1. Any idea which residue in region 63-82 is nearest to residue 208 (Cα to Cα), counting only those that are without any contact (Cβ under 8 Å) to a residue 12 or more places away in the chain and within 25 Å of the chain's Cα centre (by Cα)?
2. Scan region 216-231 residue by residue and report those that are within 22 Å of residue 146 (Cβ to Cβ) and crowded, with 20+ Cβ neighbours inside 10 Å.
3. On the basis of being closer than 30 Å to residue 204 by Cβ and either over 28 Å from the mean Cα position of the chain (by Cα) or part of a helix (DSSP H, G or I) (or both), does residue 137 make the cut?
4. Looking at region 373-391, can you tell me whether even one residue there is in contact with a helix residue (DSSP H, G or I) (Cβ under 7 Å, 6 or more places away or on another chain) and in a helix (DSSP H, G or I)?
5. Take residue 304 and tell me if it is surrounded by fewer than 13 Cβ atoms within 10 Å (Cβ to Cβ), touching a strand residue (DSSP E or B) at 6+ places or on another chain (Cβ under 8 Å) and in contact (Cβ under 8 Å) with a residue 12 or more places away in the chain.
6. Anything in region 147-161 that is part of a loop (DSSP other than H, G, I, E, B) and in contact (Cβ under 8 Å) with a residue 40 or more places away in the chain? List them, or say none.
């Protein structure tokens, strides 16, 4: 369907890929992976014609409709959510307006010739409208925006009243309503809660067109794609299988490459030794010259440098009591704008025990973050009682935690300022464990990306001897490798953890209990993530 053929692309003297090629076939679902800055988004932009190539070409049949969801959203205002979404449905909104105008004209007096002409045009427009699925446009738009987390009341709200994250969902809905032949999606799960991710996963599974996407959500990728295209080390490499297969196969290929490079080095060493030994002998001149020419023609095998995983020994926290947090009949309401109250939850009772790994789950707006704020002392409950155990030291992370960073400090100074008694080697080792190495530790906080800031804050929290770790969406903005680093850190953390996350792989690997908030009430499941899924019958 679409061919990306022998494409070479450079930016500012840096080559992203040379002679990169792949083909996207009808109905195929493909994952696009690679380190940040390797050129994944540039692949999308080349495919849709937003940027050019140094060489190569993109072959796309005429009439193929391509939908591209990126992280750059246009300004939205003046239309309701539903109207904004429907506006992206190709020619349908225009056809719908024409049909309404024709219906209005048919209700007016006119002669027979004019009536016949209007009826003919109406019939043509109506047939086209039906062919494009216009008669279920309203219901499809409502289904999509509801699936992405908007309430019925939100459907008719002006788009300008929503935050950036919710506008991102509207932009995503606009791409889905288009129902294109080819869907290009750059991080579609960003800003989505777990329920919306599950809905989107189901929608994409039923999608009949071709899909090429990037995602930091390992489970999301595994459940959808059957092929992986990797952009890394100035090349494009194809892997047949899902993300887990790609990781295994990549390691096998790397080991084979290392073995081949070793054999080549041994062969080259022998040839170079022969040339050096007999270079001065006239009797061996022809052999020496032949071998020298042979070495010049050999393509040297290069093994890409691999980022080393730095092991870090976490500070041993104070022991604390066996009862870490206990709350009884806890309730919370927020004041409603314009008067009244918004109930969040009520009657919540639970006991968090030492070394628990608690996943806090629930639909968007169920009160997950509010519960963590109450436990960490960021806000007060409206009713009930909460007791934090003796000797409990809390480390709390939320997206608002990024605001406490000093933009004028370097990465290393920011962390060292939080743990001034630690030596510089300890600080650098800690930062290395969170993927800050070499000159990166000297970067100013002000130039860091959202993901880098998240990693920095998490490093400062885990560096201190806390024994209760409260994490509210710590995986936002983190790529798969950074999520793995955090997961490893949380699994090794010698204390108690409470976490809100939409990353199912993360929750499956670390949780030992699940607290579910639903319909303003809390239910406790004393088991792992898989135990919780079995009890609730959810296939997520």
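The values are calculated or read from the model by the stated rules, or taken from the named source; none is laboratory data. Please read all numbers here as calculations on a predicted model, not as lab measurements. Note: ideal-geometry Cβ built from the backbone for every residue, glycine included; neighbour counts use all protein chains shown.
1. Initially, region 63-82 is screened for residues without any contact (Cβ under 8 Å) to a residue 12 or more places away in the chain, giving 63, 72, 75.
With within 25 Å of the chain's Cα centre (by Cα) added as a condition, the list becomes 72, 75.
On the way: 72: 26, 75: 30 Å.
Per the stated criteria, the residue is 72.
2. At the first step, the residues of region 216-231 found to be within 22 Å of residue 146 (Cβ to Cβ) are 217, 220, 223-224.
217, 220, 224 - these are the residues of region 216-231 that are within 22 Å of residue 146 (Cβ to Cβ) and crowded, with 20+ Cβ neighbours inside 10 Å.
3. Details: closer than 30 Å to residue 204 by Cβ: yes; either over 28 Å from the mean Cα position of the chain (by Cα) or part of a helix (DSSP H, G or I) (or both): yes.
So residue 137 fits the description; yes.
4. No - not one qualifying residue is present in region 373-391.
5. Numbers: surrounded by fewer than 13 Cβ atoms within 10 Å (Cβ to Cβ): yes; touching a strand residue (DSSP E or B) at 6+ places or on another chain (Cβ under 8 Å): yes; in contact (Cβ under 8 Å) with a residue 12 or more places away in the chain: yes.
Judged against the criteria, residue 304 is a match.
6. Applying the first criterion (part of a loop (DSSP other than H, G, I, E, B)) to region 147-161 yields 148-151, 157.
Once the filter is applied, which keeps residues that are part of a loop (DSSP other than H, G, I, E, B) and in contact (Cβ under 8 Å) with a residue 40 or more places away in the chain, region 147-161 yields 148, 149, 150, 157.
Condition check ((1) part of a strand (DSSP E or B); (2) out of contact with any strand residue (DSSP E or B) (no Cβ under 8 Å at 6 or more places or on another chain)) across all residues:
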| residue | (1), (2) |
| --- | --- |
| 36 | no, yes |
| 43 | no, no |
| 50 | no, yes |
| 53 | no, no |
| 56 | yes, no |
| 64 | no, no |
| 72 | no, yes |
| 76 | no, yes |
| 84 | no, yes |
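This table checks each residue for (1) loosely packed, with under 13 Cβ neighbours inside 10 Å; (2) touching a strand residue (DSSP E or B) at 6+ places or on another chain (Cβ under 8 Å); (3) at pLDDT 90 or above; (4) over 30 Å from residue 33 (Cα atoms).
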site: 112; (1), (2), (3), (4): yes, no, no, yes
site: 123; (1), (2), (3), (4): yes, no, no, yes
site: 126; (1), (2), (3), (4): no, no, no, yes
site: 129; (1), (2), (3), (4): no, no, no, yes
site: 139; (1), (2), (3), (4): yes, no, yes, yes
site: 147; (1), (2), (3), (4): no, no, yes, no
site: 193; (1), (2), (3), (4): no, no, no, no
site: 196; (1), (2), (3), (4): no, no, yes, no
